[in-house]
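Engineer: The structure is given below, and queries will be raised subsequently.
The values are calculated or read from the model by the stated rules, or taken from the named source; none is laboratory data. Since this is a predicted model, take the numbers as computed values, not measurements. When we count neighbours, we look across all protein chains shown, and the Cβ atoms used for this are built from the backbone with ideal geometry, even at glycine.
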Amino acid sequence: MNVKIKLSDCLRPLLLGAVFLGAAAQAEVQPLNRVVAIVDNDVIMQSQLDARVREVQQTIAKRGAALPPANVLDQQVLERLIIENIQLQIGDRSGIRITDEELNQAIGTIAQRNGMSIEQFRAALAKDGLSFADARDQVRREMIISRVRQRRVAERIQVSDQEVQNFLASDLGKLQLSEEFRLANILIAVPEGASPETIQAADRQAQELYQQLQQGADFAQLAIARSASETALEGGEMGWRKAAQLPPPFDAMIGALSVGEVTEPMRTPGGFIMLKLLEKRGGGGNQVRDEVNVRHILIKPSEIRSEAETKRLVERLHQRIKAGEDFAELAKSFSEDPGSALNGGLLSWIDPNALVPEFREVMNSTPSGELSKPFKTTYGWHVLQVMGRRATDSSEQFREQQAMNLLRNRKYDEELQAWLRQIRDEAYVESKL
């Protein structure tokens, strides 16, 4: 097989040094970087591996877990980089690009979720030994991978109305719409079409790990060192799941676990899996929600209209509305929100939680029938008018949407793991670790 390697990727990081040996002063080349894996038409460098290993070590240390042996951690991290690299190459071939504007907005959202400004976020990264440029690059990579998965996996998943109704009518559906579980997993992978001997060996390995866990071994540490799951380097953490999102037989058995307990290894299409219940919480409750009938005008800065000019335009529109001009007609003429402009800026009855925080805060503080002052969000400059407020009982609609999301997520998890195995099997990978 002919493998094309990007020469710039091979040569750019190659640093050459020389040492003088004895009186002869003979120079010896000292490569400080090297290729650790060839992945289709690209390569992974030792420097990339080292940087990611340091990040993982910091994450593990913050959790208070013990580090696995260096060679084990290197192999786990390299496998993660290989899978990422394959997906990034798919994204590149598919023409997926992340603009600077999209990246800046994503960085801003990450900082906001952590209660930080951009400058505070930069300082926090520096404290952890990470550069802002490297963080931006990692976020860009993750956004590309997310879009690749959306196109190749999520868009293929279909859930019918009949599936939703069947789920809602089932005992499992009735139970699991009111309970969530925070889980971690360990996967002992079994290749597709594996021989009986390979399956038995994986079963023995899984049983051995299960016995270690029963004797008090640290689940997160074993996941980091031994699991083949995509979440291995996070200690196997999967986040919150409904039982209906889990493949059989876990969907039926997870509710009987106590926090801290681990399931016995179970055979799945991908191998043998153990789940640990880290935490559980109840859902349900009152599904009566507040809704607001609101309309707005959005004006965006552009290459031909500066931020200051945009603000002045919104202020002029605000004055024209206050002077008696029709809001709807001005929205049709000026608003740059394509989803509402043709409807006179009307967003209709909407859940405030579906809106960005800046818009929601202004809307919540504006009395019914009143016009807000001009304000700014990540989308541009707005002026809004609250038409009314109401409380809506959306219990049935909410339950159907919950069921739809659960079934889609369950199918997505299964499809994603199968797709990752497929692209890994189909890729040309040569490890030089």
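Engineer: Within segment 386-413, take every residue that is exposed (fewer than 13 other Cβ atoms within 10 Å of the Cβ) and modelled with pLDDT of 85 or more and give me the one that is nearest to Leu346 (Cα to Cα). So that I can check it myself, show each step before the final result.
Structural biologist: First pass over segment 386-413, keeping only residues exposed (fewer than 13 other Cβ atoms within 10 Å of the Cβ): 388, 390-391, 393, 396-397, 401.
Remaining after also requiring modelled with pLDDT of 85 or more: 388, 390.
On the way: Gly388: 12, Arg390: 16 Å.
Taking the candidates together, the pick is Gly388.
Engineer: Let me ask you something else. How many of the residues making up segment 384-433 are assigned to a helix (DSSP H, G or I) and in contact (Cβ under 8 Å) with a residue 24 or more places away in the chain?
Structural biologist: If we filter segment 384-433 for residues that are assigned to a helix (DSSP H, G or I), which is where we start, we get 395-426.
Narrowing the set further to residues that are in contact (Cβ under 8 Å) with a residue 24 or more places away in the chain leaves 395, 398-400, 402-404, 406-421, 423-425.
So the answer is 26.
Engineer: Check Lys376, Lys332 and return the single one that is modelled with pLDDT of 90 or more, in contact with an Asp or Glu (Cβ under 9 Å, 6 or more places away or on another chain) and among the basic types (Lys, Arg).
Structural biologist: Among Lys376, Lys332, only Lys376 is modelled with pLDDT of 90 or more, in contact with an Asp or Glu (Cβ under 9 Å, 6 or more places away or on another chain) and among the basic types (Lys, Arg).
Engineer: Still on this model: If you take the residues in segment 194-225 that are touching a Pro at 6+ places or on another chain (Cβ under 8 Å) and under 23 Å from Ile60 (Cβ atoms), which one is surrounded by the most Cβ atoms within 10 Å (Cβ to Cβ)? Working first, answer last.
Structural biologist: As a first pass, look at segment 194-225 and keep what is touching a Pro at 6+ places or on another chain (Cβ under 8 Å): 198, 203, 206-207, 209-210, 221, 224-225.
Pick out the ones that are also under 23 Å from Ile60 (Cβ atoms) and you get 206, 209-210, 221, 224-225.
Numbers: Ala206: 23, Leu209: 23, Tyr210: 19, Gln221: 17, Ile224: 27, Ala225: 19.
Among residues in segment 194-225 that are touching a Pro at 6+ places or on another chain (Cβ under 8 Å) and under 23 Å from Ile60 (Cβ atoms), the one surrounded by the most Cβ atoms within 10 Å (Cβ to Cβ) is Ile224.
Engineer: Additional query: Looking only at segment 108-128, count every residue that is touching an Asp or Glu at 6+ places or on another chain (Cβ under 9 Å), acidic (Asp, Glu) and either part of a helix (DSSP H, G or I) or surrounded by 14 or more Cβ atoms within 10 Å (Cβ to Cβ) (or both) and tell me the total.
Structural biologist: 0
Engineer: In addition: Being surrounded by fewer than 16 Cβ atoms within 10 Å (Cβ to Cβ), under 20 Å from Asp413 (Cβ atoms) and either of a type in the set (Phe, Trp, Tyr) or touching a residue at least 40 places away in the same chain (Cβ under 8 Å) (or both) is the filter here, so list the residues in segment 166-178 that pass it.
Structural biologist: Hits for segment 166-178 are Leu172, Leu175.
Engineer: Looking only at segment 98-126, how many residues end up being at pLDDT below 85 and basic (Lys, Arg)?
Structural biologist: 1
Engineer: Given Ala354, Ala341, which one is small (Gly, Ala, Ser), surrounded by fewer than 17 Cβ atoms within 10 Å (Cβ to Cβ) and under 32 Å from the mean Cα position of the chain (by Cα)?
Structural biologist: Values: Ala341 fails: surrounded by fewer than 17 Cβ atoms within 10 Å (Cβ to Cβ).
The conditions single out Ala354.
Engineer: What residue, of Glu315, Glu361, is assigned to a helix (DSSP H, G or I) and either in contact (Cβ under 8 Å) with a residue 12 or more places away in the chain or in contact with a helix residue (DSSP H, G or I) (Cβ under 9 Å, 6 or more places away or on another chain) (or both)?
Structural biologist: Working: Glu361 fails: either in contact (Cβ under 8 Å) with a residue 12 or more places away in the chain or in contact with a helix residue (DSSP H, G or I) (Cβ under 9 Å, 6 or more places away or on another chain) (or both).
Unique residue meeting the criteria: Glu315.
Engineer: Kindly indicate whether any position in segment 148-165 is within 30 Å of Glu101 (Cα to Cα), touching a residue at least 60 places away in the same chain (Cβ under 8 Å) and in a loop (DSSP other than H, G, I, E, B). It would help to see each step written out before you state the result.
Structural biologist: Our first condition is that a residue be within 30 Å of Glu101 (Cα to Cα); within segment 148-165, this holds for 148-157.
Narrowing further to those that are touching a residue at least 60 places away in the same chain (Cβ under 8 Å): 148-149, 152-154, 156-157.
Subsequent filtering for residues that are in a loop (DSSP other than H, G, I, E, B) retains 153, 157.
For segment 148-165, residues within 30 Å of Glu101 (Cα to Cα), touching a residue at least 60 places away in the same chain (Cβ under 8 Å) and in a loop (DSSP other than H, G, I, E, B): present.
Engineer: Any residue at all in segment 87-107 that is within 30 Å of Ala184 (Cβ to Cβ), free of Cβ contacts under 8 Å to residues at least 24 places away in the same chain, under 19 Å from the mean Cα position of the chain (by Cα) and surrounded by 14 or more Cβ atoms within 10 Å (Cβ to Cβ)?
Structural biologist: Looking through segment 87-107, none of the residues is within 30 Å of Ala184 (Cβ to Cβ), free of Cβ contacts under 8 Å to residues at least 24 places away in the same chain, under 19 Å from the mean Cα position of the chain (by Cα) and surrounded by 14 or more Cβ atoms within 10 Å (Cβ to Cβ).
Engineer: Next question, about the same structure. Run down Val35, Val53 and say which single residue is touching a Cys at 6+ places or on another chain (Cβ under 7 Å), buried (at least 16 other Cβ atoms within 10 Å of the Cβ) and modelled with pLDDT of 85 or more.
Structural biologist: On the way: Val53 fails: touching a Cys at 6+ places or on another chain (Cβ under 7 Å).
Exactly one of Val35, Val53 is touching a Cys at 6+ places or on another chain (Cβ under 7 Å), buried (at least 16 other Cβ atoms within 10 Å of the Cβ) and modelled with pLDDT of 85 or more, namely Val35.
Engineer: Of the residues in segment 227-237, how many are under 16 Å from Pro191 (Cα atoms) and touching a strand residue (DSSP E or B) at 6+ places or on another chain (Cβ under 8 Å)? Walk me through it before giving the result.
Structural biologist: Going residue by residue through segment 227-237, those that are under 16 Å from Pro191 (Cα atoms) are 227-230.
If we keep only those that are touching a strand residue (DSSP E or B) at 6+ places or on another chain (Cβ under 8 Å) too, we end up with 227-229.
Going through segment 227-237 one residue at a time, the tally reaches 3.
Engineer: Here's something else I'd like to know. Looking at segment 308-322, which of its residues are within 10 Å of Val383 (Cβ to Cβ) and aliphatic (A, V, I, L, M)?
Structural biologist: Of everything in segment 308-322, those that are within 10 Å of Val383 (Cβ to Cβ) and aliphatic (A, V, I, L, M) turn out to be Val314, Leu317, Ile321.
Engineer: Follow-up. Please go through (1) under 28 Å from Gln401 (Cα atoms); (2) in contact (Cβ under 8 Å) with a residue 60 or more places away in the chain; (3) aliphatic (A, V, I, L, M) for Ile321 and return the number of the only condition it doesn't satisfy.
Structural biologist: (1)
Engineer: Quick check, is Ala308 farther than 24 Å from Arg113 by Cβ and either touching a residue at least 24 places away in the same chain (Cβ under 8 Å) or in a loop (DSSP other than H, G, I, E, B) (or both)? Talk me through it step by step, then tell me what you get.
Structural biologist: On the way: farther than 24 Å from Arg113 by Cβ: yes; either touching a residue at least 24 places away in the same chain (Cβ under 8 Å) or in a loop (DSSP other than H, G, I, E, B) (or both): no.
Here the answer is no, as Ala308 does not meet what is asked.
Engineer: If Gln319 satisfies all but one of (1) surrounded by fewer than 19 Cβ atoms within 10 Å (Cβ to Cβ); (2) in contact with an Asp or Glu (Cβ under 6 Å, 6 or more places away or on another chain), what's the number of the condition it fails?
Structural biologist: With (1) surrounded by fewer than 19 Cβ atoms within 10 Å (Cβ to Cβ); (2) in contact with an Asp or Glu (Cβ under 6 Å, 6 or more places away or on another chain) applied to Gln319, the lone miss is (2).
Engineer: Which number in (1) buried (at least 18 other Cβ atoms within 10 Å of the Cβ); (2) within 25 Å of Tyr412 (Cα to Cα) marks the one condition that Pro248 misses?
Structural biologist: Every condition holds for Pro248 apart from (1).
Engineer: Arg113 is checked against (1) within 30 Å of Arg399 (Cα to Cα); (2) touching a residue at least 12 places away in the same chain (Cβ under 8 Å) and fails just one. What number does that condition carry?
Structural biologist: Just one mismatch for Arg113, condition (2).
Engineer: With the checklist (1) surrounded by 16 or more Cβ atoms within 10 Å (Cβ to Cβ); (2) farther than 29 Å from Gln402 by Cβ; (3) at pLDDT below 90 in hand, flag the one item Pro191 doesn't pass.
Structural biologist: Checking Pro191 against (1) surrounded by 16 or more Cβ atoms within 10 Å (Cβ to Cβ); (2) farther than 29 Å from Gln402 by Cβ; (3) at pLDDT below 90, the one that fails is (1).
Engineer: Of the residues that sit in segment 227-273 and are more than 25 Å from the chain's Cα centre (by Cα) and part of a helix (DSSP H, G or I), which one is farthest from Ala418 (Cα to Cα)?
Structural biologist: Ala256
Engineer: Looking at segment 321-346 only, could you name the residues that are on the phi < 0 side of the Ramachandran plot, part of a loop (DSSP other than H, G, I, E, B) and small (Gly, Ala, Ser)? Don't jump to the end; show me each part of the working.
Structural biologist: Of all residues in segment 321-346, those on the phi < 0 side of the Ramachandran plot come to 321-323, 325-343, 346.
With part of a loop (DSSP other than H, G, I, E, B) added as a condition, the list becomes 323, 325-326, 335-340.
Once the filter is applied, which keeps residues that are on the phi < 0 side of the Ramachandran plot, part of a loop (DSSP other than H, G, I, E, B) and small (Gly, Ala, Ser), segment 321-346 yields Ala323, Ser335, Gly339, Ser340.
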